[in-house]
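Here is the structure we will look at.
The values are calculated or read from the model by the stated rules, or taken from the named source; none is laboratory data. As the structure is a computational prediction, the values presented were derived from the model and not from experiment. With ideal geometry, Cβ positions are generated from the backbone for all residues, glycine too; neighbour counts draw on all protein chains shown.
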Amino acid sequence: MSYSTEQIADMVKPTFLHRKIYTDPAIFELEMERIWGGSWIFIGHESQVPNAGDYITLNYGHLPVVMVRDKQLNIHVLHNRCGHKGAKIVDKRDGHVNAFRCCYHGWTYALDGTLAGVPNMKGYEGTGFDRSDPRYNMQKLARYDSYRGFVFASMNPRAPDLKEWMGGAATVMDNLCDRSPEGEVEVAGGVLRYEHECNWKLFLENLNDTMHPMIVHKSVVDAANDYIATLPEDSARRDEAEIIPPFGASYEVFESTGITGFRYGHHYDGGETSIHADYSVDPDYERAMLAAYGADRTREILTYNTHNTLYYPSLTIKSAIQNIRVVRPIAVDKTIIETWSFRLKGAPDSLLQRTLLYSRLINANGSMVGPDDLTAYFRVQQGLASTGNDWIEMHRNFGQDEDQGDRLVNGGTSDLDMRTQYAAWKAYMTNDTPLANQEAQAS
């Protein structure tokens, strides 16, 4: 089924969403074209390709791409496609090459994608074939750029500059990197990657939905508290007490954290406080931070606590925990979620161990918390097949958003995050300018 711009616009109302945005494959394909093709999408981190010739591969929406560092140490994001017959050039997830070579006819490419060699060139003599014509290169994506080592790309040549697109949400990425005594982070270890049988937007909606934790995660929080109560005060396993129980915090606690929404669909929970605010500080880490930044700046960095920050539509980060989750949509009811952990350069190993522990307890497919959420997503996806009611509501604290110019702020249990996302969704899908306010949704 095809949809007019007016029909798409009618699917997002100030306090309601039509169920078809989660269930209709035609809507999903339009999202791949207009949102994933029009926005900035997270590709990877510079530390994943530290040396010339290092590369990673991934799918940008439906399209295979490769991120590579060239011999001048510049990073490029290229279509993973031969300029001859169109074969996929690189099949491994990551690796190292001196040049790219197509497996089909042996065309070779420099690390910046420029065609370098064609076998048996005499067959092209007098044909008009020009090996220097850029159409035969591995094509570069329309835009790519990095911020604090995080590489994004866009298929949209008219996309705003990356920093403009990030807006005020860039402060959270700054905080993630500034938590390193050296001001830099690097990917550590492998990836937790597992499939979610649901629409990609359900995962994003849940990030800062603070009305669900005390319901969805009650059993695991109760079990964790019962277990922790049996441990002696000096037990080495008490570190888990800082991770699991906050997921069962009260409505009042989550309300106090607040939600901040930005243009282009970004948002975060917390800032002055979050469920990570009471984490203990390793004395060796504190000393390293004080030596690097001094007392005032160290306090400023470590007391800025957000829970989840979304860079809509593809990346979510936890600066206090130093991990990210990346969204890779596959189909209208299938999504891959990747979790990557980061090392704070110059910090003691205990910080990375806490990051890895958090990911195992919260984000892994066999974790104690993540499967609770996944069950809810799956049941929502199943329930939305019902025609009993076509609409999903998002009324909480509607009309109470505080406009601070470049951002909107509301209580932590509000639906501001939903309204922020779907203002952007509507704008991308109708080729309008994404705004983060209710007026944009109502127009």
Name the strands (runs of 3 or more DSSP E) wholly within the range 93-208 that hold at least 1 residues that are among the charged types (D, E, K, R) and more than 23 Å from residue 34 (Cα to Cα)? 94-96, 185-196
Options 316, 387: the member that is modelled with pLDDT of 95 or more and either at positive phi or of a type in the set (Ser, Thr, Tyr) (or both): 316
Conditions (1) part of a loop (DSSP other than H, G, I, E, B); (2) in contact (Cβ under 8 Å) with a residue 40 or more places away in the chain; (3) surrounded by fewer than 19 Cβ atoms within 10 Å (Cβ to Cβ) -> residue 320 fails only (3)
Quick check, is residue 83 assigned to a loop (DSSP other than H, G, I, E, B), at pLDDT 95 or above and either surrounded by 16 or more Cβ atoms within 10 Å (Cβ to Cβ) or aliphatic (A, V, I, L, M) (or both)? yes
For residue 363, work out the one condition from (1) at pLDDT 95 or above; (2) closer than 20 Å to residue 206 by Cβ it doesn't fulfil. (1)
Test residue 323 against the criterion of being modelled with pLDDT under 95 and touching a strand residue (DSSP E or B) at 6+ places or on another chain (Cβ under 6 Å), and give yes or no. no
Among residues of the range 157-171, those that are crowded, with 18+ Cβ neighbours inside 10 Å and more than 21 Å from residue 322 (Cβ to Cβ), counted: 4
When the range 345-368 is checked residue by residue, the ones that are among the aliphatic types (A, V, I, L, M), within 19 Å of the chain's Cα centre (by Cα) and not in a helix (DSSP H, G or I) are 364
Looking at (1) free of Cβ contacts under 8 Å to residues at least 40 places away in the same chain; (2) over 28 Å from the mean Cα position of the chain (by Cα); (3) crowded, with 18+ Cβ neighbours inside 10 Å, find the lone condition where residue 90 falls short. (2)
Only unsatisfied item for residue 412, checking (1) in a loop (DSSP other than H, G, I, E, B); (2) out of contact with any strand residue (DSSP E or B) (no Cβ under 7 Å at 6 or more places or on another chain); (3) under 22 Å from residue 267 (Cβ atoms), is (2)
Of the residues 143, 135, which single one is among the basic types (Lys, Arg), surrounded by 18 or more Cβ atoms within 10 Å (Cβ to Cβ) and in contact (Cβ under 8 Å) with a residue 40 or more places away in the chain? 143
Subset of the range 263-300 (residues that are surrounded by 19 or more Cβ atoms within 10 Å (Cβ to Cβ), of a type in the set (A, V, I, L, M) and either touching a helix residue (DSSP H, G or I) at 6+ places or on another chain (Cβ under 7 Å) or at positive phi (or both)): 275, 289
Does at least one position in the range 423-432 carry a residue that is out of contact with any Gly (no Cβ under 8 Å at 6 or more places or on another chain), within 22 Å of residue 221 (Cβ to Cβ), outside any loop (DSSP other than H, G, I, E, B) and modelled with pLDDT of 95 or more? no
With the first residue restricted to the range 34-50 and required to be farther than 11 Å from residue 315 by Cβ, and the second required to be among the charged types (D, E, K, R) and buried (at least 19 other Cβ atoms within 10 Å of the Cβ), Cβ contacts under 6 Å at 6 or more apart or on different chains are 49/69
Kindly indicate whether residue 250 is in the same structural domain as residue 309 (by TED's automatic domain parsing), over 18 Å from residue 320 (Cα atoms) and modelled with pLDDT under 95. yes
Residues to consider are 254, 247, 203; find the one that is crowded, with 24+ Cβ neighbours inside 10 Å and hydrophobic (A, V, I, L, M, F, W, C). 254
Condition first: over 21 Å from residue 252 (Cα atoms) and in contact with a Ser or Thr (Cβ under 7 Å, 6 or more places away or on another chain). Now tell me which residues in the range 407-423 satisfy that. 407
Selection within the range 372-407 - buried (at least 16 other Cβ atoms within 10 Å of the Cβ) and over 28 Å from residue 222 (Cα atoms): 384, 392, 394, 397, 398, 401, 407
Taking residue 54 as the residue in question, decide whether it is in contact with a helix residue (DSSP H, G or I) (Cβ under 8 Å, 6 or more places away or on another chain) and closer than 28 Å to residue 331 by Cα. no
Would you check if there is a residue in the range 326-339 being over 15 Å from residue 194 (Cα atoms) and not in a loop (DSSP other than H, G, I, E, B)? no
